[in-house]
Structure formats: structure tokens, C-alpha cells
Amino acid sequence: MTIFDVSSAAEATGETSAAAKKPEAKEIKLWGGRFQESVTDAVERFTESISYDKDLFKHDISGSRAHASMLAKQGLMSISDRDCILAGLDEIEKRILNGEFVWRADREDVHMNIEAALTDLIGEPAKKLHTARSRNDQVATDFRLWCRDAIDSIIERIKDFQVAMVDLAIKNKGIIVPGYTHLQRAQPVLLQHLLLAFVEQLDRDAGRLLDCRARLNFCPLGACALAGTGLPIDRFMTSSALGFSSPLRNSIDAVSDRDFAMEFLSANSIMAIHLSRLGEEWVLWSSEEFGFIVPSDAVSTGSSIMPQKKNPDPMELVRGKSARVIGDLVTLLSLCKGLPLAYNRDLQEDKEPVFDSVKTVSGMLEVSAEFARNISFNQDRIKKALPAGHLDATTLADYLVHKGIPFRTSHDIVGKSVAMCLGKNCQLKDLSLAELRALSPIFDEDVYEFLGVENAVNKFSSYGSTGSECVASQLEYWIEKLGISQ
């Protein structure tokens, strides 16, 4: 099990069906001193979060280890109590990983389950662990740790997909495809250039996640419920032990804000849109109408009724699942928009959309990389498609600019040239020099060096363009940056 496996509770923890059917009798809550009666079953079912926040267990235990060590150093518990707590936490973690730990709904959440189990295991020393700590700062700390690890995992998946796309570009050197604007044929571009455009987008996606990681990497632990504590704790010690940059400066802010999660899901949503656009492109290119891409059987599915069908379902689902990721962001934004300071129980609802966003976008990245490794490009179909659309028209206008004609005038002349081609049902390169000179005496024999998609592509030379030398430079950059061996 990985920390990002947010599948069902039984799968995530190894909880047995027998334990689920026979819950243990309710016990007095750790917070129940002033209460005279237990909450009703309906309230308990409605307010529990253990069914999903158990995925924070590793981070909760890490936070408790750091907190216990700090309390001992500050003289708020004995060394022997600290060692007893640390040994107990080790045992609990081992039981969870082995599927031997029973999560109890009447213990509400991951924090109370672990703390109560620790008390069952080691007795009185466990009761000292919650000194100078609240569930409010505890869950904020756990959640930041979880998000930090999730970001690291997603960035690795991004890199894997980038490598797959660069490998695909390396394998398809020299192929020219139609470039589109408004979904209308525009200019010829190298296929490598098109593939590397998605690599660039993914790099910005990774950058947004890294920016988010830097902003979330501050420690709430020790902020307690909202006001901090009068006990002599060392928040810098716990922050350092957990790999945070430093403690959060304001205790109210520390427990109440979830902007780090909103930023995380925003970055995920932008990435999901990039992946969805790629999915749309590849679904179109796999169609009979385009026929530019041939997915292998390994990444395709069939129809239950039409035996001839071969569908690029993985990329259709990438396109579809982007809606889930966007929805998760909207859920979190809506959850937080009207909350007064400081902590409110509404924030219990922040975990599921974050867990779902991470799971979904991780799957989208994984399957997109898999798809990229299992497609080929139909070069014959692409070549046959290239003549349509007069893709070299803009290059012809550039020719006239080279001859000293203002661009607007050049644009008009080439427009008339295209109209002539439409009347003759031919390409620009098929027009005779006499026909071209009838539109402008500037045309000369060297005009044919600018006509045709191959010549057009070769004329591109600006930085970042689709010219062969420019694209080769871009490809070299990504090969080096991603550490791809050739």
C-alpha cells in the first residue's frame, strides 16, 4: 500500500469483514470529561472521518514521534515515557502495515484511533502525548505532510510522461503534420514540435506543484486549538524534525487555512486540462477521419456490439476524468469560502476531494504515458493529408516580405493566389511563374524554394519555431534535462 492509495477502507488497512460487522462497544471519548451521555449512533456515523482519513496514519505517527521527542527535550515528559511512546507508535505502525489494526468508528478519526490504541498498549505514558497539542494543529500538520508527499509523487509521474513524449518525438524525426488554429488547417509543423509543446506544458505543471510545495512546507504543530500554548514547547524543533522550512508564524492561521490544499488542487486542475486537451487531440487523430495515430491493441478497447471497433478509451477517460479533478477543486473552494476563523468542523470535508484529485490525476498521468508508449503514426495517411489547406500560404507571404513588399500587401497577394488555386483545384506550388507574376511582378524563380510543406517548414528560423534546427535544439534540451540516454 502506498500513501496515495485512497481505495476502500478495507483495502487500505486490511480491516477484516468480521471486524466491520462486529464493532466493539463504545468507550468514553478522550474528550468526554464534561459530557454526561454518549452521542447517538446517527451522529457518530455522520461525524466520523476514520473511513477515509486513516490514509494519514503514517504522517500522524511521524508527527507524534516528533512531538513526543520535543516534549521530552523540553522537560514536559520523561525520557522513559518518550521511549515508551515511541516504541508503542512503532508497534501500532507495524500493525497497520500488516493489516492487523482495527480502525474503530467510535474513535472518530485517525488521530483518536492511534492515540486510544497507544493508551491501550502502553497505558499512562500515552496520556502525555497530547500535551500542548490539539487535533486542530495535528490534522493540519498531517495534511500538509500528506500533500507534500503527494506532490513529490505526482512530479515523478509528470517526469515519466515527459520522458515518454520525448522518446516518441525521437522516434518520429522529420515527420511533418498539419498545424491547426480554430481546428482549421493553418501551417505545417514538425510532429516533434507538436509533441514537445505538451512536454513544455507539463513542465509548467510541475513548476506550479513545486511552488505550491514550497508554500505549504510550514509547520502548524504547536499552534494547538488556535491560540498556541503557555507551555515551554519548541516549535522549531518539531518543524525541523518533520522536514518543514519553519513553523507557521500565526497560530490562528496555522489551524484555519487550507489555501495550500486549494493551490494544490488548482495546479492539479490546470494539469488535468492539459492532459484532457492531449486526450482530445489523440482521440481525434485516432479517428477514421484523421487516421494519423494508430494505437496498439494494448491501449485500446472494443465494442460489445460492433466487432470492427477499436476505441482509444484510455484517452477518452483522461478527457472525462479532468472533470472530476476540476470538481474536486470547486468542492474545496466552496467548502472554505464562508468559514470564520479559526478551525471549523467543516474542514473535515477537505480530505476526500484532495485524496480524489491526487488519485485521479496520478492515474491520468500514468495512462497517458502508457498510451504514448503504445502508439505509432501513420505516415502515409499524414502525407496524403498534407496538401489540403494550402499550408504554405504564410511562407509565401514571407517570401514577398523578403522582397520588400509590406506584409499587408503580401497577405492580399497570397490570398488572391489561394483563390486562384481553389479555382484551378491545385496547390500553390503548382501555379506557374506566369500565373504568379500576373498577381505581382515581384515573383521570381526562387519562389518555389518557399512552396510545399517541406520547404515551408525549412524556412522557419525564429527561436522556438518549428524549423528543423530549432526543433532539434528543443529536443536536445529536453533529452539533457530529463536525463534520457540515447
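The values are calculated or read from the model by the stated rules, or taken from the named source; none is laboratory data. Remember, it's a predicted structure, so these values are computed and weren't measured experimentally. Positions of Cβ are generated from backbone atoms using ideal geometry, with glycine treated the same way; all protein chains shown enter the neighbour counts. Remember, those area values only see protein heavy atoms, side chains included, never the ligands or the DNA or RNA. Shrake-Rupley method; radii C 1.70, N 1.55, O 1.52, S 1.80 Å.
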| Using the per-residue mean of other Cβ atoms lying within 10 Å as a proxy for protection, in what order, highest first, do the peptides 434-443, 55-64, 100-109 fall? | 55-64, 100-109, 434-443
| request: Starting from the alpha-carbon convex hull of segment 340-401, give the projected area averaged over all orientations, in nm². | output: 10.7 nm²
| request: Compute the acute angle (0 to 90°) between the alpha-carbon long axis of helix 259-286 and the principal axis of greatest extent of the alpha-carbon atoms of the chain; round to the nearest 10°. | output: 40 degrees
| request: With the cut-off at 21 Å, report for segment 177-329 the share of all Cα pairs above it, as a whole percent. | output: 63 percent
| remark: Karplus ³J(HN,Hα) for segment 460-474 (6.51 cos²θ - 1.76 cosθ + 1.60, θ = phi - 60°; Hz, whole; x = Gly/Pro) runs 6, 9, 5, 4, x, 7, 8, x, 4, 5, 5, 5, 4, 5, 4
| said: Below 8 Å, C-alpha to C-alpha, sequence gap of six or more: please give me the relative contact order for segment 75-193 in percent. | reply: 16 percent
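May I ask you to give the solvent-accessible area per residue for segment 164-263, in square angstrom, as obtained with a 1.4 angstrom probe?
Spelled out: the 1.4 Å probe surface of segment 164-263, per residue, equals 44 Å².
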| said: With an 8 Å Cα cut-off and a minimum separation of 6 or more residues, compute the relative contact order for the chain in percent. | reply: 15 percent
| task | For a quick protection proxy, order the peptides 172-179, 228-235 by their average other-Cβ count within 10 Å, most packed first. | result | 172-179, 228-235
| Of the accessible area of segment 120-175, with the probe set at 1.4 angstrom, what percent is carbon plus sulfur? | 45 percent
| task | Send over a whole-number figure in Å² for the accessible area per residue of segment 91-134, probe 1.4 Å. | result | 39 Å²
| request: Determine, for each peptide in 142-153, 448-459, the mean count of other beta carbons within 10 angstrom over its residues, then list the peptides with the highest first. | output: 142-153, 448-459
| task | Over segment 190-347, with every protein chain in place, what whole percent of the accessible area is carbon and sulfur at 1.4 Å, could you tell me? | result | 56 percent
| message | With every protein chain kept in place and ligands, DNA and RNA left out, what is the accessible area per residue of segment 312-410? Probe 1.4 Å, answer in Å². | response | 47 Å²
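Just need the Rg to Rh number for segment 339-486, please, alpha carbons only, Kirkwood Rh.
Ratio of gyration radius to Kirkwood radius: 1.26.
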| task | Using the Cα centre as the reference, give the magnitude of the dipole from point charges on the C-beta atoms of segment 296-386 (Lys, Arg: +1; Asp, Glu: -1; all else neutral), rounded to the nearest 20 debye. | result | 460 debye
| remark: Share of accessible surface on carbon and sulfur in segment 385-486, whole %, 1.4 Å probe and ligands ignored, is 52 percent
| query | Alpha carbon centre of segment 214-267 versus segment 331-358: separation in Å? | reply | 17 Å
| request: Enumerate the amide H contacts of GLY179 below 5 Å, restricted to partners 5 or more residues apart or on another chain; note that Pro and chain-start residues carry no placed amide H. | output: ALA186, GLN187, VAL189
| message | Net charge within 9 Å of LYS73 by Cβ-Cβ distance, Lys/Arg positive one each and Asp/Glu negative one each, not counting LYS73 itself? | response | 0
| field | Cα-based shape type of the chain, given that a ≥ b ≥ c are square roots of the gyration tensor eigenvalues and the cut on a/c is 1.5 | value | prolate
| Under a 5 Å amide H to amide H cut-off, with H placed in plane at 1.01 Å, what residues pair with THR301 once short-range neighbours are removed? | ASN311, ASP313
| field | Neighbourhood net charge (12 Å Cβ-Cβ; Lys/Arg +1, Asp/Glu -1) for THR395 | value | -2
| field | Gain on full stretching of the segment that runs from ASP346 to LEU97 - 0.36 nm per residue minus C-alpha separation | value | 86.7 nm
| note | So, relative contact order of segment 287-405 in percent, Cα under 8 Å, 6 or more apart, is 37 percent
| field | Which listed pairs, of LYS171/LYS416; LYS159/LYS310; LYS309/LYS416; LYS128/LYS351; LYS94/LYS481, have C-alpha distances above 32 Å, in listed order | value | LYS171/LYS416; LYS309/LYS416; LYS94/LYS481
